[in-house]
Amino acid sequence: QIAILGILSGSIVSFGLTLFKSNRRTLMYRLKYALKVNDFYSLYQPKIHLKTGKIVGVEALARWDDKELGSVSPDVFIHCAEENQLITMLTKKLIAKNLKQMKPFLNKDPKFSLSINLSVQDLSDQSLLNFVDNHVRKNGINTEQIIFEVTERSAAQNNVLKRATKQFLRKGYKVSLDDFGTGFSNLSWLTTFEPNEIKIDKMFVQSIGTQTVSQIALNGIFQLVGNLNVALVFEGIESVEEIHYIIRHTPNAIGQGWLYSKAINTAELQLLIDQQPYMETSFLEHQKQAR
Ligand code: C2E
Ligand code: MG
Ligand code: MG
Ligand code: MG
């Protein structure tokens, strides 16, 4: 009986593994195909100056709706592209689309910015910066309006990050440290790295009002980064209480979150910007009421 159970559970495990492997292989094949037919696109999530409710820019977030797999989460396909050394090809295709789509918004308002997520692999690819530069110039966009988001991972990768960041900064681009607090954060690293912006991970925003370790850590982060000369962006804002808490500690904070808007297409973004004067007042009213 035990032997049968053993064989049975063994085959279940190996069946599971095969399924896992074949899923991964299917994912890779579909990803290669999607790259070939240029199926990847971005939606844009607004970044809001929390005190006034004004849209200051957008972050491009990659999307993929596959005919066979359905819509695949960026966490899954970005990881798959990284594993198969396809990420920089994907990044370039996305950047070309992003710049073309955001050109009217960027040219119309010189204060409006576009944030683009990069992988560590992108940063060690020497062809990326030239590619970006050509497309930015071709579209007549100011480099200061483009913010590259990078994440800290390990000490070794952070050196690659630091070197590439210097090159981007020299060309006039801005650099943002994404998912702050979840990776390899250390003080001396932060002071030598000198990003223009730090994005506090949504894990900390979600901890507001919970009295957990993350909430205590958030208070530490306010003290730590409050004294640095960087823009602070808070991810994942879902409630007015969170806005209040953040503004109390950082009056000039910028935020992103479903409370204000999910990632949207260019037509929806245009609508949102057209409604701005109304949105700003209603946003402020909304805040006053909640006080
Ligand atoms: P990220 O750059 O930290 O982006 C923030 C994620 O939080 C996005 O998930 C966004 O949709 C989500 N989010 C925004 N507001 C809220 C909120 O109020 N509540 C909650 N629960 N979530 C919120 P998304 O679009 O699924 O992207 C996941 C990650 O995939 C990104 O995290 C980024 O690391 C990566 N990614 C997305 N697009 C690209 C890309 O073009 N290139 C690279 N290299 N990575 C990308
Ligand atoms: Mg990001
Ligand atoms: Mg993030
Ligand atoms: Mg993230």
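We did not get these values from a lab; they are worked out from the coordinates using the rules stated. As the structure is a computational prediction, the values presented were derived from the model and not from experiment. Because the Cβ atoms are built from the backbone with ideal geometry, glycine has one as well, and the counts that use them run over all protein chains shown.
Using a 7 Å offset from the Cα along the Cα-to-Cβ direction at both Thr266 and Ser22, what is the distance between the two label points in nm, to one decimal?
About 4.1 nm, to one decimal.
How big is the convex hull of the Cα atoms of the stretch 158-272, per residue, in Å³?
It is 126 Å³ per residue.
So what's the net charge close to Lys67: Lys and Arg +1, Asp and Glu -1, counting the other residues with Cβ under 10 Å from its Cβ?
On the way: positive: Arg30; negative: Asp39, Asp65, Asp66, Glu68.
In short, -3.
Please state the shape class of the stretch 96-162: rounded when a/c is under 1.5, otherwise prolate if a/b exceeds b/c and oblate if not, all from the C-alpha gyration tensor. All intermediate terms of the calculation are to be shown ahead of the outcome.
Numbers: a/c = 2.92, a/b = 1.95, b/c = 1.49.
Here the stretch 96-162 falls in the prolate category.
Pulled fully out, how much extra length does the chain show between Ala156 and Asn139, if you take 0.36 nm times their separation in residues and subtract their Cα-Cα distance? Spell out each step's value before the answer.
Values: separation 17, 0.36 × 17 = 6.12 nm, distance 3.50 nm.
Full-extension gain reported as 2.6 nm.
May I ask you to sort Lys36, Lys166 by Cβ crowding, counting other Cβ atoms within 10 Å and putting the fewest first? Could the numbers behind the result be given before it?
Numbers: Lys36 8, Lys166 12.
The order, fewest Cβ neighbours first, is Lys36, Lys166.
Work from the charge dipole of the chain (Cβ charges, +1 for Lys and Arg, -1 for Asp and Glu, about the Cα centre) and give the residue of Pro104, Ile254, Leu69 farthest towards its positive end.
The listed residue farthest towards the positive side: Pro104.
Taking the Cα-to-Cβ direction at Gln126 and at His79 and moving 7 Å from each Cα, how far apart do the two end points lie in nm?
So the label points at Gln126 and His79 sit 3.2 nm apart.
Treating only the Cα positions of the chain as identical point scatterers, give the base-10 log of I(q)/I(0) from the Debye formula at each q in 0.11 Å⁻¹.
Evaluating at q = 0.11 Å⁻¹ gives log10 I(q)/I(0) of -0.72.
Using the 10 angstrom Cβ neighbour count as an exposure proxy, how do Phe168, Phe193 rank, fewest first? Walk me through the numbers before you get to the answer.
Details: Phe168 22, Phe193 16.
Going from least to most buried by this count: Phe193, Phe168.
Note down the magnitude of the dipole of the chain about its Cα centre, charges +1 on Lys and Arg C-beta and -1 on Asp and Glu C-beta and zero elsewhere, to the nearest 20 debye.
Numbers: 33 positive and 28 negative charges, 160 e Å.
The calculation lands at about 760 debye.
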